[in-house]
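Trainee: Here you go, one structure.
The values are calculated or read from the model by the stated rules, or taken from the named source; none is laboratory data. Bear in mind the structure is a predicted one, so any value in this text is a computation, not a measurement. Here the Cβ is made from the backbone with ideal geometry for all residues, glycine too, and neighbour counts use every protein chain on show.
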Amino acid sequence: MSRVYNFSAGPSMLPEEVLKTAAAEMLEYGESGQSVMEMSHRSKEYQAIIDAAEADLREIMNIPDNYEVLFLQGGASTQFAMVPLNLMTKNGKADYIITGQWANKAYKEAARYGAAREVASSKDKTFSYIPKTTAADFDPEADYVHICMNNTIYGTKYNTLPETGDVPLIADISSCILSEPIDVSKFGMLYAGAQKNVAPAGVTIVIIRKDLIGNAMDITPTMLKYDTHSENGSMFNTPPCYTIYIAGLTFKWIKKMGGLEAMKELNEKKAKILYDFLDNSKLFKGTVVPEDRSLMNVPFVTGNEELDAKFVAESKKAGFVNLKGHRSVGGMRASIYNAMPIEGVEKLVEFMKKFEEENA
Ligand SMILES: *Cc1c(COP(=O)(O)O)cnc(C)c1O
């Protein structure tokens, strides 16, 4: 067996330890005589799995008691609709900051249900920076302000949160969840699809302040109301049982690694190796302004499309896969989520150095 270094933006690498535990427990979980895949979600064994997953996530992220943790389906993309359907209901208005394709999709979906407003955008420079805002930019009557915390495609992230006053801030954290500590109490709601930093695709984590639940528009389908899920312990219908189990294993792995402070330190170290190289390279360069660089997604280019293609092809042969950049940026993108070991980044940079020498 030879496992590659997988730099995919998502689905992406999982910690080897998580995969090994899942493999060891595949045929029989504990003394249950069955796989978690086969288990009733109403069984005592499964209830213990989902309860532990929630408890561990609450512990790792230091989630205050006045927030619900929900395990939902439909990916982050379904939240683009659930957020306005449930929360754009007091004044029918919401403010959106457009920092890339995901933020824009969220905005477009919200515009179907009410007065969504684009407050700021970094589209003018291919989303290579986070637009600056001040408190005065936001409508105090907006029901919420929506941001995408880490922009997976463009490789930017918020280092300072926008000042929204009393208006709840909502963030898509799909590609940065668990990568570093986050002050949950600063947000009305956070959400993330699992397949970047947590588990295989299939579960969406929602962390929502309790007072924001229960005001959905009348037209909201039952399955898309947060109260449906909060009133039923994320088991109104069959939850994505196995994915939640894997998420639980990832949470345990993070606890063992030392929690989010330790993850942050490791992620900063990994990202620095790559950014330092890019800043000094004569061939490669990063596409994002230094102050807004993501710890998770690192886009870079040579400035020559043929050379980019050659690099992607040669790196793949050398065991570094999925480095091709998103079509809207071009070039390359290395996604270096929690599960990417530091050796993966070190070896990639060695390979880049060699490629640079050979193609100078
Ligand atoms: C991947 C991604 C999405 C889309 O997630 P799905 O689970 O596929 O719907 C949304 N937002 C961000 C920031 C992402 O990285």
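Trainee: Collect the residues in the stretch 163-184 that are surrounded by 22 or more Cβ atoms within 10 Å (Cβ to Cβ) and of a type outside the set (A, V, I, L, M, F, W, C), keeping them in residue-number order.
Mentor: Correct list: THR164, ASP172, SER174, SER175, SER179.
Trainee: Could you tell me which numbered condition ASN232 fails, if it satisfies all but one of (1) out of contact with any helix residue (DSSP H, G or I) (no Cβ under 7 Å at 6 or more places or on another chain); (2) away from the ligand (no atom under 12 Å from the Cβ); (3) not in a loop (DSSP other than H, G, I, E, B)?
Mentor: Unmet condition: (3).
Trainee: If you scan the stretch 81-96, which residues turn out to be surrounded by fewer than 23 Cβ atoms within 10 Å (Cβ to Cβ) and within 13 Å of the ligand (Cβ to nearest atom)?
Mentor: The one that is surrounded by fewer than 23 Cβ atoms within 10 Å (Cβ to Cβ) and within 13 Å of the ligand (Cβ to nearest atom): ALA81.
For (1) under 15 Å from ALA9 (Cβ atoms); (2) touching a Lys or Arg at 6+ places or on another chain (Cβ under 9 Å); (3) modelled with pLDDT of 95 or more, each residue gets a yes or a no:
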{"site": "MET235", "(1), (2), (3)": "no, yes, yes"}
{"site": "CYS241", "(1), (2), (3)": "no, no, yes"}
{"site": "GLY258", "(1), (2), (3)": "no, no, yes"}
{"site": "LYS270", "(1), (2), (3)": "no, no, yes"}
{"site": "LYS282", "(1), (2), (3)": "no, no, yes"}
{"site": "GLU291", "(1), (2), (3)": "no, no, yes"}
{"site": "GLU306", "(1), (2), (3)": "no, no, yes"}
{"site": "TYR337", "(1), (2), (3)": "yes, yes, yes"}
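Trainee: Then there is this: Looking at the stretch 197-223 only, could you name the residues that are more than 19 Å from MET88 (Cα to Cα) and either in contact with a Phe, Trp or Tyr (Cβ under 6 Å, 6 or more places away or on another chain) or modelled with pLDDT under 95 (or both)?
Mentor: Passing the criteria: ASN197, VAL203.
Trainee: Suppose we filter the stretch 316-360 for residues that are assigned to a helix (DSSP H, G or I), touching a residue at least 60 places away in the same chain (Cβ under 8 Å) and of a type in the set (Phe, Trp, Tyr); how many remain? It would help to see each step written out before you state the result.
Mentor: Going residue by residue through the stretch 316-360, those that are assigned to a helix (DSSP H, G or I) are 316-317, 342-358.
Within this subset, residues satisfying the condition of being touching a residue at least 60 places away in the same chain (Cβ under 8 Å) are 342, 344-349, 352-353, 355-356.
Subsequent filtering for residues that are of a type in the set (Phe, Trp, Tyr) retains 355.
Within the stretch 316-360, residues that are assigned to a helix (DSSP H, G or I), touching a residue at least 60 places away in the same chain (Cβ under 8 Å) and of a type in the set (Phe, Trp, Tyr) number 1.
Trainee: Moving on. Might you let me know whether the stretch 198-221 holds any residue that is within 16 Å of the ligand (Cβ to nearest atom), out of contact with any helix residue (DSSP H, G or I) (no Cβ under 8 Å at 6 or more places or on another chain) and under 30 Å from MET13 (Cα atoms)? Break it down stepwise before answering.
Mentor: The initial filter retains those residues of the stretch 198-221 that are within 16 Å of the ligand (Cβ to nearest atom), namely 198-207.
When the remaining residues are screened for being out of contact with any helix residue (DSSP H, G or I) (no Cβ under 8 Å at 6 or more places or on another chain), the result is none.
Looking for residues that are within 16 Å of the ligand (Cβ to nearest atom), out of contact with any helix residue (DSSP H, G or I) (no Cβ under 8 Å at 6 or more places or on another chain) and under 30 Å from MET13 (Cα atoms), one finds none in the stretch 198-221, hence no.
Trainee: While we're looking at this one, here's another question. Pairs only if they're at least six apart or on different chains, beta carbon under 6 angstrom, first in the stretch 44-63 and farther than 15 Å from ILE205 by Cα, second of a type in the set (Phe, Trp, Tyr) and modelled with pLDDT of 95 or more; list them, first residue then second.
Mentor: Pairs that qualify, where the first residue is farther than 15 Å from ILE205 by Cα and the partner is of a type in the set (Phe, Trp, Tyr) and modelled with pLDDT of 95 or more, are ILE49/TYR245.
Trainee: Any idea which of ASP139, ASP95 is in a strand (DSSP E or B), more than 18 Å from the chain's Cα centre (by Cα) and among the acidic types (Asp, Glu)? Break it down into steps so the answer makes sense when it comes.
Mentor: Working: ASP139 fails: in a strand (DSSP E or B).
Matching residue, one of ASP139, ASP95: ASP95.
Trainee: Answer yes or no as to whether GLY114 is within 16 Å of the ligand (Cβ to nearest atom) and buried (at least 17 other Cβ atoms within 10 Å of the Cβ). So that I can check it myself, show each step before the final result.
Mentor: Numbers: within 16 Å of the ligand (Cβ to nearest atom): no; buried (at least 17 other Cβ atoms within 10 Å of the Cβ): yes.
So GLY114 fails the test.
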